[in-house]
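Visitor: Take this structure first; my questions come after.
The values are calculated or read from the model by the stated rules, or taken from the named source; none is laboratory data. Since this is a predicted model, take the numbers as computed values, not measurements. Note that each Cβ is placed from the backbone with ideal geometry, even for glycine, and that neighbours are counted across all protein chains shown.
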Ligand SMILES: [Zn+2]
């Protein structure tokens, strides 16, 4: 048995499914427990670790691990255990995958990284990994893995790109994975510490405002009040001021009554909508409230064909209080 065959065998055992599956019986479907024992998975991972610690970790070994972690059908728990135990070896490998020119390799690398390391340990890779994952959302071949990984490790910056991917007709087969990615990020970030407001946000908003020529009276009403439009419905338009205040402008009223928006769900949802139009606002998306859920009828866009003043399920926010 060659070294490569030995590794292939151990990887096969380490990543085998121990969950069982639904079987078809004569009368009723029934659950067939797997014959694979989870203890075998763990033993195989220990053997791999021993092998690499004893005899080194070659490029060929890295290639085998990369191929194994790139398979989409492998059980998440088994892959996570493998990746975590072997993290000393696969860390550099994952970083190389994340920098690969091929979007699929990058998506698989991010998937491996997401499985490999709990979020707190992932942070050294985080800065490098989130942008390639967001990039991978544009590729239908990668969109599912990328959405799930972003759900696992991604941050609020990923929300605008996930919504864009969700509303793409060509991604409709992956819709529930994209929705899950959005929900997972919102749920986790709702409980996280509020992200710091970027220090240069006022300058960036001012630059966007200066460059923007309003095309209609609603836009002019925003600009007169010093606000950059984020989104709106049949009654209100929301606009961001350079100081971070979000204005709610009643464009139906003659005086365009204007108030600061205080509802956390609306503030969050409007910043996500604004960041879809102006990606440079992505790092200023505030923490969502705990009950924020992406609106499925409009795929989080707030817009629906035939509903000219915006999705009626979410009041054109793209998010609802679930
Ligand atoms: Zn909606």
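Visitor: Checking residue 242 against (1) in contact with a helix residue (DSSP H, G or I) (Cβ under 6 Å, 6 or more places away or on another chain); (2) surrounded by fewer than 19 Cβ atoms within 10 Å (Cβ to Cβ); (3) modelled with pLDDT under 95: exactly one of these is not met. Which one?
Guide: For residue 242, the exception is condition (3).
Visitor: Scan (1) surrounded by 15 or more Cβ atoms within 10 Å (Cβ to Cβ); (2) outside any strand (DSSP E or B) for the single condition residue 231 breaks and write down its number.
Guide: (2)
Visitor: Which strands (runs of 3 or more DSSP E) does segment 251-322 wholly contain that include 1 or more residues that are surrounded by fewer than 17 Cβ atoms within 10 Å (Cβ to Cβ) and more than 9 Å from the ligand (Cβ to nearest atom)?
Guide: Details: elements: 258-260, 292-294, 319-321.
Fully inside segment 251-322 and qualifying: 258-260, 319-321.
Visitor: I'd like the full set of residues that are under 22 Å from residue 221 (Cβ atoms) and touching a helix residue (DSSP H, G or I) at 6+ places or on another chain (Cβ under 7 Å), limited to segment 248-274.
Guide: 249, 251, 256, 261, 271, 274
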